[in-house]
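Engineer: I have a structure here, written as structure tokens, and I will follow up with some questions on it.
The values are calculated or read from the model by the stated rules, or taken from the named source; none is laboratory data. Just so you know, these numbers come straight off a predicted model, no measurement behind them. Cβ placement follows ideal geometry from the backbone for every residue including glycine, while neighbour counts extend to all protein chains displayed.
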Amino acid sequence: MNVIIFGPPGSGKGTYAARLEAKLKANAIAMGDIFRDAVKQGTAVGRKAESYMKRGELVPDTVVIEVLEQKINQKEARSGFILDGFPRTIQQAEALEKIAKIDAIINLQVPEWIIVARLSSRRICKNCGAVYNILYLKPKKDGICDMCGGPLYQRDDDKEKVIRDRIEVYEKQTQPLLEYYRSKVPFVNFKCEKLDMPPENAVIEILSGLGKIGLYKE
Ligand code: AMP
């Protein structure tokens with residue numbers, strides 16, 4: 001099964017995609033993670049993406065589409081994928097249409113105050129990538145990862161000014177994609193109205209939505 005998770009930055013796309021992988025027997029492909037890795041490793045793609053990411057802007061379509069094609073052609077993704085952070089423009093959606101059939105859209109709806117509160121308090125382990133939140137998902141020791149003891153850091157683009165820019169980019173460039181898909185692919189809508197909504201509950205609701213359109217069975 002191939003699905004796309006849509007939602008503004010901080011809506012939980014990555015968290016839910018990781019939890020849905022085993023349930024849906026599909027491979028999560030997170031574009032933002034792929035670019036952050038590329039930047040860290042100083043690859044050609046990383047060098048092209050870095051300045052856009054720092055400003056909270058979209059990386060040019062040509063770069064993104066090439067990376068996506070490589071990912072989807074890898075063996076693990078052939079039995080199914082969950083796309084997180086792609087497509088973000090109509091051009092990307094058109095390119096995707098040529099390489100894969102999409103079975104459903106999971107559409108996360110989260111108010112702006114929750115996004116800003118969540119992202120500005122998000123911290124990530126430099127070693128293992130585990131995600132914490134200093135408001136409601138605190139590490140046992142300040143600034144230290146519970147799992148591996150690594151140092152926690154704040155993403156450059158998780159600062160309030162850049163968060164607001166990223167939300168604006170989402171509304172302008174990515175939200176029109178929902179219209180693009182509405183007549184083509186079934187939707188599962190999930191509304192989050194609580195800052196500290198447990199991810200397990202969200203995943204149960206999403207799976208129930210997929211069940212209703214015949215795409216998931218317990
Ligand atoms: P994310 O972790 O999904 O919030 O992505 C972080 C950043 O990576 C974004 O703000 C963009 O600069 C870049 N990025 C990720 N996915 C895409 C995409 N599909 N198109 C363009 N830029 C992207």
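Engineer: Take the residues in region 195-209 that are modelled with pLDDT under 95 and over 16 Å from the mean Cα position of the chain (by Cα), then tell me which one is surrounded by the fewest Cβ atoms within 10 Å (Cβ to Cβ).
Structural biologist: Filtering region 195-209 for residues that are modelled with pLDDT under 95 and over 16 Å from the mean Cα position of the chain (by Cα), the one surrounded by the fewest Cβ atoms within 10 Å (Cβ to Cβ) comes out as Glu200.
Engineer: Sticking with this structure for a sec: Those residues that are within 11 Å of the ligand (Cβ to nearest atom) and loosely packed, with under 14 Cβ neighbours inside 10 Å, I need them from region 11-54; list them, please.
Structural biologist: Scanning region 11-54 gives Ser51, Lys54.
Engineer: Go through region 13-58 and give me each residue that's part of a helix (DSSP H, G or I), aliphatic (A, V, I, L, M) and touching a Gly at 6+ places or on another chain (Cβ under 6 Å).
Structural biologist: Answer for region 13-58, where residues must be part of a helix (DSSP H, G or I), aliphatic (A, V, I, L, M) and touching a Gly at 6+ places or on another chain (Cβ under 6 Å): Met31, Ala38, Val39.
Engineer: Search region 154-170 for residues being in a helix (DSSP H, G or I), without any contact (Cβ under 8 Å) to a residue 40 or more places away in the chain and away from the ligand (no atom under 11 Å from the Cβ), and hand back the single one that is nearest to Ile105 (Cα to Cα).
Structural biologist: Keep residues of region 154-170 that are in a helix (DSSP H, G or I), which gives 156-158, 160-170.
Retained after the next criterion (residues that are without any contact (Cβ under 8 Å) to a residue 40 or more places away in the chain): 158, 161, 168.
Subsequent filtering for residues that are away from the ligand (no atom under 11 Å from the Cβ) retains 161, 168.
Working: Lys161: 29, Glu168: 21 Å.
Looking at the filtered set, the residue picked out is Glu168.
Engineer: Okay, moving on. So, in region 82-115, of the ones that are of a type in the set (A, V, I, L, M, F, W, C) and more than 14 Å from the ligand (Cβ to nearest atom), which residue ends up nearest to Leu207 (Cα to Cα)? Don't jump to the end; show me each part of the working.
Structural biologist: Residues of region 82-115 of a type in the set (A, V, I, L, M, F, W, C): 82-83, 86, 90, 93, 95-96, 99-100, 102, 104-106, 108, 110, 113-115.
So of that shortlist, the ones also more than 14 Å from the ligand (Cβ to nearest atom) come out as 99-100, 102, 104-106, 113-114.
On the way: Ile99: 25, Ala100: 22, Ile102: 17, Ala104: 12, Ile105: 12, Ile106: 10, Trp113: 26, Ile114: 23 Å.
The residue in question is Ile106.
Engineer: Among the candidates Ile105, Ile29, Ile34, which residue alone is at pLDDT 95 or above and either under 17 Å from the mean Cα position of the chain (by Cα) or of a type in the set (Ser, Thr, Tyr) (or both)?
Structural biologist: Just a single option satisfies the conditions, and that option is Ile105.
Engineer: Could you tell me whether any residue of region 186-194 is exposed (fewer than 15 other Cβ atoms within 10 Å of the Cβ) and in a helix (DSSP H, G or I)?
Structural biologist: There is no residue in region 186-194 that is exposed (fewer than 15 other Cβ atoms within 10 Å of the Cβ) and in a helix (DSSP H, G or I).
Engineer: In addition: Return the only residue of Lys161, Lys191, Lys212, Lys172 being basic (Lys, Arg), farther than 22 Å from Phe81 by Cα and over 19 Å from the mean Cα position of the chain (by Cα).
Structural biologist: That would be Lys161, the only listed residue that is basic (Lys, Arg), farther than 22 Å from Phe81 by Cα and over 19 Å from the mean Cα position of the chain (by Cα).
Engineer: Any residue that is touching a Gly at 6+ places or on another chain (Cβ under 6 Å) and more than 15 Å from the ligand (Cβ to nearest atom) - is there at least one of those in region 59-78?
Structural biologist: no
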